[in-house]
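All of the numbers you see were taken from the coordinates with simple rules; none came from a lab. Remember, it's a predicted structure, so these values are computed and weren't measured experimentally. Cβ: placed from backbone, ideal geometry, glycine included. Neighbour counts: every protein chain shown.
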Amino acid sequence: MIALRLRLVVILFASLVLVACSHDSAATTPDPEAILQSIPAADSAKYEHIQDMRKWQNPYLIVRTDSVALLDVADNAEIHLKPDEVLPELAKLPASNWPYGRVVAAAELSGRFSETDKIAIRRNKGIIGGLLEGAHIAVRWVPSA
C-alpha cells in the first residue's frame, strides 16, 4: 500500500513538472503577430511612387500553386513556405527589412496554368491575404513579372 502511494506521488510530481515545463516554453515563445506589430504601420507615401518592383525594399511574396515564396533579395532566392509559415518567417526579418512600414508586396506566380492550378493559386492568395490582414500587414498586390 505504501509502495502504491509512493508511485502515485512520483507520477503526480512528474506530471506537474512536465506541465510546468511545457507552460514555461509556451510562455517564452514569441507570437509572430506581436513581433510584427512592433513594426510601424505602412506609410504609403514611402512606396506609392515605386513602379519598378526591383526597387522594392520590403518583403516580397510570390503566391504559387503549392506554396508561398518569400523573395530573399540579398541571395536572389525564393524561400518556399506553407501559408501558415509566412507570418513566423516575416517575424524573423530584421526591422531594416521594413523601411516602408508594415507592408509587403505580393504577386501571383505567372505562367500558363491548368484550371486546377489557377484555383490553387487563388486559394493560396485568399489564405495569405487573410493572414496578412489579420496581422495588420498591408498588401500591395502587384502584377506578375
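Here are a few things to note about the model shown:
- All lysines inside 27 Å of Lys82 as judged from Cα atoms, apart from same-chain residues fewer than 8 positions distant: Lys55, Lys92, Lys118, Lys125
- With N counted as the residues of the stretch 84-143, its alpha-carbon radius of gyration over 2.2 N^0.38 Å works out to 1.25.
- Extending 7 Å from the Cα toward the beta-carbon at both Glu33 and Met53 defines two label points whose distance is 2.7 nm.
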